1. In whole angstrom, note down how far apart the Cα centers of segment 55-122 and segment 170-218 are.
2. With the Cα gyration tensor of segment 134-192 giving a ≥ b ≥ c as the square roots of its eigenvalues, does the rule (a/c under 1.5 for rounded; else a/b larger than b/c for prolate; else oblate) give rounded, prolate or oblate?
3. For Thr138, Thr93, give the ranking by accessible area with the largest first, probe 1.4 Å.
4. When all protein chains stay in place, what accessible area (Å², nearest 10, 1.4 Å probe) is found for Glu139?
5. Figure the gain on full extension for Ile317 and Lys184 (residue separation times 0.36 nm, minus the Cα-Cα span) and round it to one decimal in nm.
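The values are calculated or read from the model by the stated rules, or taken from the named source; none is laboratory data. If you're wondering where the values come from, they're calculated on a predicted model, not measured in any experiment. Side chains are part of the model used for accessible areas, which takes the heavy atoms of the whole protein and leaves out ligands, DNA and RNA. Shrake-Rupley method; radii C 1.70, N 1.55, O 1.52, S 1.80 Å.
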Amino acid sequence: MYYAVSYLKREKGEKKSWEFLGCEMGNVTSNVAARFAFFPPDPPTYDVHKDESGKLVLQGMTADKNIDVHMLDTKGGNKIIATFWRHPVARLTLLYSHGNAADLGQMHELFNELRAHLRVNIMSYDYSGYGASTGKPTEFNTYYDIEAVYNCLKKEYGVKQEDLIVYGQSVGSGPTLHLASRVKKLGGVVLHSAILSGIRVLYPVKMTFWFDIFKNIDKIRRVQCPVLVIHVSMLISYVPYLRPNVTMVHSFCLINPLQGTDDEIVDWSHGKRLWELSKEKYDPLWVKGGGHCNLETFPEYIKHLRKFISTIEKISISKPAKQLTSAPSITEHKHCKCLRLKAKKEKEES
């Protein structure tokens, strides 16, 4: 990081070859990639096999006839596992991207609770290289992964954009905002302990470098729907934004920050800034005393999330949606517990 910044701030007239710059940038990229690593559970907490009828099931998880298991092909050439958790009276579907130290086998209890309390269908998936998914976890593979899952929701379940809420926890905010910045009529977005970008977790930089990863700070500006941010809180002058009567509901979708106050991995400023940059703001939830990996254990989490889901449902009902015949921004492939970083913790600029 030092080399890139020092180059940008060099004295006028100082000469430095592009070859040397490329070498320095390469070193920086390698360093960032090494520190901002994925942590798939090893060994995976589940396996996939076919039952007597030929249906895919997750071995090691309690059988549930309302769970469909899919193996999807991605543009990256990998096969990923996705699960669809059906609720009998659900109108909305939640597309959940988990943190990068978990796999689907560890999310079973949470998905059961969310499905029951929120009355939504839940679609979740393991990134390439996680669980029983093949390949290697990389930034771009997570983008290909969520695109394959989105296309499955459209084809297999007829889910409309307006009835879909995308949910990203920690590093899962990367693929979530990738999709939300391209699909323009989503019902809503939930950002749970989200990051501004990979490098900004490590260093308080004020600009986006080309070698950065998960550039959420840029993509959030292109999201046209309501966003909910969940993060730990800092009890400062930002509190007035928590007033219940300031909910903003507009033509497309809602944005709501939900983050924790004592997040030792991703500073609260990440959630705060993402909320500020959102075009359509829903009341944020700053969880006092929460950490990076335990916000869902606080009672206000499910209460606030249920309120957000209810608001989106009312919008969906009041504005009948026309199902799009195609999504030009997402190319369909012809085949159809949290972030852990050994990082220097510094506060992001407001």
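1. Distance between centres, Cα-based: 23 Å.
2. oblate
3. Thr138, Thr93
4. Accessible surface of Glu139 is approximately 30 Å².
5. 46.1 nm
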